[in-house]
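The block underneath contains the structure these notes are about, expressed in structure tokens.
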Amino acid sequence: MVTETFQIDDIAEECRIDKYLAMIKPSYSRSFFQKLIKNQQVLVNDAPVKANYTLSFDDIVSITFPDSEESSILPEDIPLDILYEDDDVLIVNKPKGMVVHPSAGHSSGTLVNAIMYHCKESLSGINGVIRPGIVHRIDRDTTGSLIVCKNDESHVSIAKQIKEHSCNRIYEGIVIGTLPEAEGTIEGPIGRHPIDRKKMAINEKNGKPAITHYKVLAYLNGFTYVQFKLETGRTHQIRVHMSSIGHPLLGDELYNGKNSRFKQLQGQTLHAKNIGFVHPKTGEYKEFEAPLPEYFVKLLQQLQ
């Protein structure tokens with residue numbers, strides 16, 4: 001472990017300690033320092049404080065950084081569909097059926113296993129050893145574009161853009177039924193389902209704000225081809241919102257989107273088509289498009 005100690009000057013006075021530490025140490029996120037504070041690895045004048053502690057002139061702050069953890073995840077030579085890559089970010093087109101990071105029942109064959117092999121040591125570590133480089137995720141059966149961060153500075157920058165809703169994320173999907181409006185916005189807080197813990201739901205009491213904009217691309221004989229623009233990024237957001245208005249995604253059995261005509265479908269028909277963001281190093285806006293997977297194209301042709 002390494003401990004850093006410094007004295008607060010008048011510039012930082014009346015600033016929350018978690019916010020200040022994230023500002024002066026941009027390689028680490030605010031949530032990282034909140035965790036250190038909770039574990040009493042941040043002291044002010046030799047005493048533990050809370051994350052909302054307001055700094056004062058001449059406060060002495062000590063930060064004890066934990067040692068780096070060795071990852072037990074094994075790199076695997078799994079082919080990646082790379083849309084773009086430089087020294088800071090990697091944009092991949094995730095295939096259907098691939099889990100993003102290891103979890104119970106999915107210890108191998110994940111996107112993390114693949115990027116660890118491809119990137120070697122060049123991955124951000126902010127999300128810990130289980131999620132190196134992962135700044136956001138998409139569901140196992142959702143396909144499409146996903147950003148991987150190759151260093152902590154890039155991770156902080158992209159995470160901030162996602163939090164501030166300035167990261168442009170466009171999805172396309174097929175829903176059951178004919179949407180009555182050509183475009184619209186669904187607002188409804190999303191939280192854990194009160195009974196089925198595998199599901200998310202509109203949860204007015206404990207949910208987090210969620211906003212999905214949609215636009216009809218084509219009507220398909222009892223189904224609708226839809227474009228979605230995310231303003232927030234809650235777990236299963238599009239799936240929950242569309243189910244809540246009676247038009248679940250085709251193939252999404254978890255949210256009642258199963259259809260006897262398409263038993264061969266593997267999960268929801270949802271594709272993360274476009275991802276746009278300001279490059280963390282150059283400051284240039286970049287946007288990438290992941291082509292629709294073959295199964296999706298064939299399904300559209302069949303429905304037309």
Q | Subset of region 247-274 [polar (S, T, N, Q) and in contact (Cβ under 8 Å) with a residue 60 or more places away in the chain] | A | N259, Q266, Q268, T269, N274
(Q) If the requirement is being in contact with a Cys (Cβ under 6 Å, 6 or more places away or on another chain) and either in contact (Cβ under 8 Å) with a residue 24 or more places away in the chain or among the acidic types (D, E) (or both), which of these qualifies: F288, F277? (A) F277
Q. Residues V240, V216, V175: which one is farther than 23 Å from D81 by Cβ, at pLDDT 95 or above and out of contact with any helix residue (DSSP H, G or I) (no Cβ under 8 Å at 6 or more places or on another chain)?
A. V216
Q. In the set T235, T282, which member is of a type in the set (S, T, Y) and within 18 Å of the chain's Cα centre (by Cα)?
A. T235
Q | Members of region 262-294 that are assigned to a loop (DSSP other than H, G, I, E, B), open to solvent by less than 10 Å² (accessible area, probe 1.4 Å), closer than 24 Å to Q237 by Cβ and not aliphatic (A, V, I, L, M) | A | Q268, T269
Q: Quick one: count up the residues across region 201-224 that are of a type outside the set (K, R) and over 20 Å from Y255 (Cα atoms).
A: 6
Q: Could you tell me which residue of region 200-226 is least open to solvent (accessible area, probe 1.4 Å), considering only residues that are charged (D, E, K, R) and in a loop (DSSP other than H, G, I, E, B)?
A: E204
Q. Is there any pair with a first residue in region 41-52 that is open to solvent by less than 50 Å² (accessible area, probe 1.4 Å) and a second that is assigned to a strand (DSSP E or B) and among the β-branched types (V, I, T) whose Cβ atoms are under 6 Å apart and which are 6 or more apart or on different chains, and what are they?
A. Q41/T64; V42/I63; V44/V61
Q) Looking at region 53-63, which of its residues are exposed (fewer than 13 other Cβ atoms within 10 Å of the Cβ) and out of contact with any strand residue (DSSP E or B) (no Cβ under 7 Å at 6 or more places or on another chain)? A) F57
Q | Which numbered condition G233 misses (of (1) among the small types (G, A, S); (2) open to solvent by 30 Å² or more (accessible area, probe 1.4 Å); (3) more than 17 Å from D141 (Cα to Cα)) | A | (3)
Q) (1) under 29 Å from G283 (Cα atoms); (2) open to solvent by less than 30 Å² (accessible area, probe 1.4 Å); (3) assigned to a loop (DSSP other than H, G, I, E, B): which one isn't true of H247, the others all being true? A) (1)
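The values are calculated or read from the model by the stated rules, or taken from the named source; none is laboratory data. Source: prediction; values computed, not measured. For neighbour counting, all protein chains shown are included, and Cβ atoms are generated from backbone atoms with ideal geometry for every residue, glycine included. Surface accessibility is based on the protein's heavy atoms, side chains included, excluding ligands, DNA and RNA. Shrake-Rupley method; radii C 1.70, N 1.55, O 1.52, S 1.80 Å.
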